[in-house]
Structures are given as structure tokens and as C-alpha cells.
Amino acid sequence: MKACMFHLMPYRDLPADFEQRYQSAFIDPLWFDVADAEKVGEYYNATLDELLYAAKAGLHGVCTNQHHQNVYGFMANPSLMGSVLARQTNGQNVAIIQLGSTLPSTTPPTRIAEEYAMLDCISGGRLVAGFPTGLPTDATISNAVIPVEQRERFREALALVKKAWSAKELFAWNGKHYQLGMVNLWPRPIQQPHPPIWIPGSGISSTAEYVVGLDHCFCHLSYYGAKNAEQVADRYWELVARKGRDDNPYRYSFLQLIGIAETDAEAEDLYAAHAEYFFRKLLYAPSYYQQIPGCLEYPALVQALTNNPRAGINLRELKAKDFFERGFVIVGSPKTVREQLMDGMKRLRVGHLLALLHFGSMPTELCKANIDLFAREVLPHLEGLWDDKYEDRWWPERLRTKRPVAAMAVAS
């Protein structure tokens, strides 16, 4: 099993009355009302430091992502972050996981193909190419993508990117949404015909069906924890079987918030305020931003209207103990965390754990302490899961050899 450090790069110092001033973390918050550019510069550099620290500690990969016009995470161009990570981790056995640039919002999508190819070359063939369909707020509101075209554009763009990476001859592309007379991409990725492709989603609907059909890795980004993902995971594995694919756990990645300290009580005390900040200030978005008409295809719309347990949860009414008890955050001593994680990862059949070891308003010092304990006390117990039976086909080929967990270097 692989464990990777996921990071959202949030705004870490919102005013205490943010929840009263703004109905959403997306779109609504005014930059000059709540933000400070110098602080944001500190946050970007702190994020890079935390990801590089995780790579040095021995995590298998470091993950970036892309969002727009919100306080929850604003790596507006994850390739900029990824290029720093790729260069600074050269010589380390760590994947550069871009989760990633949003294809429907980028015209032409060959621009992303070029950026990702650069990252694969800079890293020496360690790129995992993530392609999110994009949140409705990102695609439709922030980037003016017509809602009913979002998924069409995504699928056409991905096909174009994959061909641009591997085509041996110059070609023309005359699609419904993209027309390019001459495609002859420079550079090309080291990994041919393409780097491993991961596609995120929040549930099992048309996205998962599409991902399984192409035999790519599905990344379940729920933020509600393994305890609340059993129904989604079961439906995913039923879909995999129905499509005639194998039951390889590495085709399924899962995100989990994690907070570790020496004891359960200390962990709950240390991470309580940051969990409340994350869910109540950063993650909260009203339904009119989550379900913009036209963004969901019909099966997903039916699912959202008839079977959506999250719809009844008002994050702003919950306290830290609720987030902990409900499993949104796995928090506790190393023993508690590794036992809960092992149970959850086995139950869901997770091959790639995306560990959100920084969340909310956490300072760098606490994030690094969290990484230390995870790398030393939890990761060694997870790594052997699945390796005796399954090959990770969704991982950079040159990183697939089994490795010992790196000894944690002395923190600088």
C-alpha cells in the first residue's frame, strides 16, 4: 500500500466571525476583506516545506490540487507547485502526484499536456497525472464553462492529451470542443505511452464508470472519512466487477484526514480547533454552489437527490467531537490511528491512502509533528498491505520496486 501526503493549501488565518460574514468558502469571500498577500506568500512556502518534509520522512508521494476563487485551497496552477516538488525531490523515491490540473477549464488542453510532460521530465519519470473533472464552482463560475458541456469537454480533452503525449506523427484534432490544426507536442513525458492517470470523484456515478472503463485509478475524495465511505466503496467494487476489471486495490485511492499525538486525549486537544476551522470555515458550501444545474449527469443527479447522506449534514452546526466521533478525522495516538486506518483501508480495499496531514489552520510545526508520527509509527504498519498479491499498475514504473521506509532525517 502507498501513503501519500495530500495538501489543499488553505487560508490559515480567517477572522473568527468568518462564518457569520460569509455563506460559503467558495466564491463569496472578498480578498481585501479577509486576506493578506504577504501571509498567502508564507502559506505557499509553508505548504511546499510541509510536502517536502513528508517526502523526506518517507511518504510515497506528494499531492497537489487545483481550485479557484475560494479560501479552502487555492493552488490556482498546481504545476507551479509540482515543478518545485519535482526539482527538490530529485534523487528521492517519491511520486509527484498532480491531482491536478482541470481540463475543461483550460483551452487548449494541450497546455496541460505540455506542463505535465515538463514535470515528468524534471522529475525523471515520477509523475502521476491527475485529471479532475472540476468542481462546479471552479469550472462553471470561475472559468465560465457551460455546465452541460463540462464532462463532454473533460472527456474529449483527456483523449486529446493522451494522444498528444504518445503520437509518433504530427496530427490534427477536429473535435466538438477543441480544434487544433497541428499537434506535435514538445516535450513528451518520459513515461510512455503516458504517466499513470488518476481521476478524482466524490461518489460513484458517471465519473467512476468512465474511470473504470478506461482502467485508470479512481480517487475518492470524500472528506467524510473511511467510516462513512463503505457504501461508496462497495458500489465502486461492484462496478469494477461488472466492467470485468480485476479487484486490484491499487485502482482505488482514498483521502483521509489524520491527526496524531502521543495520546488520544492530547491528539483531540491539539487538533480540535483545526478540525472545526476546516469543516466549518473552509469546506462548507451551500447546495447552490455544490449542485449547479447541468453540471451533474442524469444518474449522478438522481443519486444526489435520492441517496445523498451528506445533504442532511450542516457542517457549521458540528463540533470537533462530532468530526472525531463520526470518523471525518481519524485522531489519536499512533496505535489508535494505525488500528483505525488499517481497519478502514482493508474494509474499503484502498491501495493509495491520500493522507491529509495538514488541515484547517494548522501551523507548520504541528503539521511536521503529525508527519513525523505518521511516518515513524503508522506507515510501516500499512506498507505491507496488498503487496503480496497485487502489482500497483497505477504508479510510476521506476518507483514500483519495494523500498524500506526512509529513516526520518533530523528536522531542520
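Every read-out reported here was derived from the displayed coordinates using simple, explicitly stated rules and does not represent laboratory data. Treat the numbers as computed from the prediction; the structure is a model and nothing was measured. Quick reminder, even Gly has a Cβ in these numbers, built from the backbone with ideal geometry, and neighbours come from all protein chains shown.
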Please report the spacing between the Cα centers of the stretch 64-130 and the stretch 138-164 in Å, no decimals.
17 Å
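Note the full-extension length gain between Glu339 and Tyr288 as 0.36 nm times their separation in residues minus their Cα-Cα distance, in nm to one decimal.
Numbers: separation 51, 0.36 × 51 = 18.36 nm, distance 3.81 nm.
The Glu339-Tyr288 span can extend by a further 14.5 nm.
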Check Asn65: other-chain or 5+ apart residues with amide H under 5 Å from its amide H, H built from backbone geometry?
Leu99
Suppose each label sits 7 Å from its Cα in the direction of the beta carbon; what would the Glu152-Arg326 distance come out to in nanometres?
3.7 nm
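Compute the Cα gyration tensor for the stretch 51-171, then decide on rounded, prolate or oblate, letting a ≥ b ≥ c be the square roots of its eigenvalues: rounded whenever a/c is under 1.5, prolate when a/b is larger than b/c in the other cases, and oblate in all that remain.
Numbers: a/c = 2.68, a/b = 1.31, b/c = 2.05.
Judged from the Cα gyration tensor, the stretch 51-171 comes out oblate (a/c at least 1.5, b/c at or above a/b).
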Cα centroid separation - the stretch 225-251 against the stretch 359-385, whole Å
26 Å
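When only DSSP loop residues count, what trypsin sites (Lys or Arg not before Pro) in the stretch 366-402 have their Cβ near at most 13 other Cβ atoms within 10 Å? Write out the running numbers ahead of the final one.
Working: sites: Lys368, Arg376, Lys389, Arg393, Arg398, Arg400, Lys402; in loops: Lys389, Arg393, Arg400, Lys402.
Sites meeting the loop and neighbour criteria: Lys389, Arg400, Lys402.
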Isotropically averaged projected area of the chain, using the convex hull of Cα atoms (one quarter of hull area), nm²:
19.0 nm²
Amide H contacts under 5 Å for Cys219, restricted to residues at least 5 apart in sequence or on another chain and with H modeled in the peptide plane, are Ile199, Gly201, Ser253
When only DSSP loop residues count, what trypsin sites (Lys or Arg not before Pro) in the stretch 199-262 have their Cβ near at most 15 other Cβ atoms within 10 Å?
Lys243, Arg245
